[in-house]
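Report on one structure; see the data block that follows.
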Amino acid sequence: MTAFKTLDDADVSGKRVLVRVDLNVPVANGEVTDATRIERVAPTILELSKKGAKVILLAHFGRPKDGPTPEFSLKPIAQAVSKVIDHSVQFAEDSIGDKAVEAVAKLRNGDILLLENTRFHKGEEKNDQAYVKALAALGDIYVNDAFSAAHRAHASTEGLARLLPAYAGRTMEAELQALEKGLGNPKRPVVAIVGGAKVSSKLDLLGNLVQKVDALVIGGGMANTFLAAQGVNVGKSLCEHDLAATAREIMAKANAANCTIILPVDAIVAWHFEANAPFHAYGLDAIPDDGMILDVGPQSIERIKGAIDDASTLVWNGPLGAFELHPFDHATVAAARHVAERTKAGQLVSVAGGGDTVAALNHAGVADDFTYVSTAGGAFLEWMEGKPLPGVDVLKKR
């Protein structure tokens, strides 16, 4: 973390601190149904408050198209934040202008204020300088604690860091440390597990990983495309047959980079895409024409466990099968629990992320046993793809 300034470097007492957080949480009937993202940023908010800062929270919520709309207001979220951190959270009905200026002016040291949805202003997503300057006028210091929004060069994620002294919050700091251990400067050997439905959505990811890891386990529907590219009959399985040449190119790149690609050697096949559908394990030379591969088979699970045993570092994105349908969750759960066991034993650094991945690890009951599980979604995927993250790059020490 020497490349970034953190809260350890900041004197915040009596200062107005603009804190970019991720409060884009699910809401039903005015109530937050999952407070995970609020819980993640709570330590930064409370630390700043205890150190005597005037804490001013910036966040977006949803994708409002036409300016302020009640359904995208952050007002109900303020109550949820207050409940999670057990501290009063004030609310301003705009992120700039008179209402924001008045609310900030009333703050005492240690107070916490949430400004209205930054995306109610078109200048947010355009990173418009007039909007950036109006936000900057409300604060003395900028803290970014929203890694999940760091892949976007918006006013509240990138623009502010160019006008105010900028620091990484505790959640951002933890994420960057974990990612450094995962791919930045990892302990080798490094193994990546990549699953999910389609190769087409993960071309950049696969292209980057084969240059950086020692072994790449490919599962999920995307494994079918690689198998078909090698001449395996995958029956009626989900498969992008038009990407056969691309799959072969990726395998050639991996070979040139001394990266071992680990594909399934057997498969669990069913005839209906539904929970508890009748199924059978087949070798790859015997997949029936009318069957669908919905999970990797028992021999493949043992190969994957062997790769995990060989690894010092593991990064994971995407399930190995149709994990949302029992019993086609078996391989994902078995591999996840094996990673968790080795991590708890101090033998493995494990970093995972992506929406389906988080859901799969929660389903397996092991999300808390990995070294780090990112809830950042798109930002985590772009980091795995090797793409620059504007909201992170702008925090680097100059």
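The values are calculated or read from the model by the stated rules, or taken from the named source; none is laboratory data. Bear in mind the structure is a predicted one, so any value in this text is a computation, not a measurement. Note that each Cβ is placed from the backbone with ideal geometry, even for glycine, and that neighbours are counted across all protein chains shown. Heads up: the accessible areas ignore ligands, DNA and RNA and are worked out on the full protein's heavy atoms, side chains in. Shrake-Rupley method; radii C 1.70, N 1.55, O 1.52, S 1.80 Å.
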Item to complete: Starting from residues that are of a type outside the set (A, V, I, L, M, F, W, C) and in contact with a strand residue (DSSP E or B) (Cβ under 9 Å, 6 or more places away or on another chain), keep the ones in the stretch 163-180 and report whichever is farthest from Gln129 (Cα to Cα).
Response: Gln177
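Could you pull out every one of the strands (runs of 3 or more DSSP E) wholly within the stretch 62-151 that has 3 or more residues that are closer than 27 Å to Phe380 by Cβ?
Because the criterion is at least 3 residues that are closer than 27 Å to Phe380 by Cβ, the strands (runs of 3 or more DSSP E) in the stretch 62-151 that meet it are 141-144.
Answer with yes or no whether Phe273 is open to solvent by less than 10 Å² (accessible area, probe 1.4 Å), in a loop (DSSP other than H, G, I, E, B) and touching a residue at least 12 places away in the same chain (Cβ under 8 Å). Break it down stepwise before answering.
On the way: open to solvent by less than 10 Å² (accessible area, probe 1.4 Å): no; in a loop (DSSP other than H, G, I, E, B): yes; touching a residue at least 12 places away in the same chain (Cβ under 8 Å): yes.
Answer is no for this residue.
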Worksheet item: Does the stretch 133-141 contain any residue that is in contact (Cβ under 8 Å) with a residue 24 or more places away in the chain, closer than 30 Å to Val351 by Cα and either of a type outside the set (Gly, Ala, Ser) or surrounded by fewer than 22 Cβ atoms within 10 Å (Cβ to Cβ) (or both)?
Response: no
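Yes/no per residue for (1) in contact with a Leu (Cβ under 9 Å, 6 or more places away or on another chain); (2) under 19 Å from Ala360 (Cβ atoms):
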| position | (1), (2) |
| --- | --- |
| Val191 | yes, yes |
| Ala244 | no, no |
| Ile262 | yes, yes |
| Val269 | yes, no |
Discussion item. Name the single residue that is modelled with the lowest pLDDT among those in the stretch 30-53 being over 21 Å from Ser374 (Cβ atoms) and open to solvent by 50 Å² or more (accessible area, probe 1.4 Å).
Written reply: Glu31
Discussion item. If a residue must be over 19 Å from Gly196 (Cα atoms) and of a type in the set (A, V, I, L, M), how many such residues does the stretch 309-323 contain?
Written reply: 1
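Search the stretch 368-398 for residues being open to solvent by 20 Å² or more (accessible area, probe 1.4 Å) and free of Cβ contacts under 8 Å to residues at least 60 places away in the same chain, and hand back the single one that is farthest from Thr357 (Cα to Cα).
Initial filter on the stretch 368-398 (open to solvent by 20 Å² or more (accessible area, probe 1.4 Å)): 368-369, 371-372, 375, 377-378, 381-383, 385-388, 390, 393, 396-398.
So of that shortlist, the ones also free of Cβ contacts under 8 Å to residues at least 60 places away in the same chain come out as 368-369, 388, 393, 398.
Values: Asp368: 13, Asp369: 14, Pro388: 22, Asp393: 26, Arg398: 35 Å.
Ranking the qualifying residues of the stretch 368-398, first place goes to Arg398.
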Worksheet item: What are the pairs, 6+ residues apart or on separate chains, where a residue within the stretch 283-308 that is under 20 Å from Phe323 (Cα atoms) has its Cβ under 7 Å from a residue that is open to solvent by less than 10 Å² (accessible area, probe 1.4 Å) and among the aromatic types (Phe, Trp, Tyr)?
Response: Leu294/Phe328; Asp295/Phe328
Fill in: Residue list for the stretch 344-388, restricted to those being closer than 26 Å to Asp34 by Cα, assigned to a loop (DSSP other than H, G, I, E, B) and within 15 Å of the chain's Cα centre (by Cα)
Gly354, Phe370, Thr371, Thr375, Ala376, Gly377
Worksheet item: For the stretch 225-259, which residues satisfy the criterion of being part of a helix (DSSP H, G or I), touching a residue at least 40 places away in the same chain (Cβ under 8 Å) and closer than 26 Å to Val190 by Cα?
Response: Leu227, Thr246, Ala247, Ile250, Lys253, Ala254
Worksheet entry | Among the candidates His363, His330, His338, His326, residue that is touching a Lys or Arg at 6+ places or on another chain (Cβ under 7 Å) and either more than 26 Å from Phe147 (Cα to Cα) or not β-branched (Val, Ile, Thr) (or both) | His338
Discussion item. Considering only the stretch 157-173, I want to know if a residue exists there that is farther than 30 Å from Ile45 by Cβ, open to solvent by 20 Å² or more (accessible area, probe 1.4 Å) and either part of a helix (DSSP H, G or I) or of a type in the set (Asp, Glu) (or both).
Written reply: no
Discussion item. Anything in the stretch 327-353 that is open to solvent by 10 Å² or more (accessible area, probe 1.4 Å) and touching a residue at least 60 places away in the same chain (Cβ under 8 Å)? List them, or say none.
Written reply: His330, Val349
Worksheet item: Would you say Ala149 is more than 29 Å from Pro70 (Cα to Cα) and under 21 Å from the mean Cα position of the chain (by Cα)?
Response: no
Worksheet entry | Criterion: open to solvent by 20 Å² or more (accessible area, probe 1.4 Å) and either under 27 Å from Gly231 (Cβ atoms) or assigned to a helix (DSSP H, G or I) (or both) - qualifying residue of Gly306, Gly321 | Gly306
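If you take the residues of the stretch 192-246 that are among the polar types (S, T, N, Q) and over 19 Å from Trp316 (Cβ atoms), which of them is surrounded by the most Cβ atoms within 10 Å (Cβ to Cβ)? So that I can check it myself, show each step before the final result.
Taking the stretch 192-246 and keeping what is among the polar types (S, T, N, Q), we get 200-201, 208, 211, 224-225, 230, 233, 237, 246.
With the extra rule that they be over 19 Å from Trp316 (Cβ atoms), the set shrinks to 200, 224-225, 230, 233, 237, 246.
Working: Ser200: 12, Asn224: 29, Thr225: 24, Gln230: 12, Asn233: 14, Ser237: 20, Thr246: 18.
By that ranking, first place goes to Asn224.
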Worksheet item: Is at least one residue of the stretch 280-289 surrounded by fewer than 20 Cβ atoms within 10 Å (Cβ to Cβ), assigned to a strand (DSSP E or B) and either basic (Lys, Arg) or touching a helix residue (DSSP H, G or I) at 6+ places or on another chain (Cβ under 7 Å) (or both)?
Response: yes
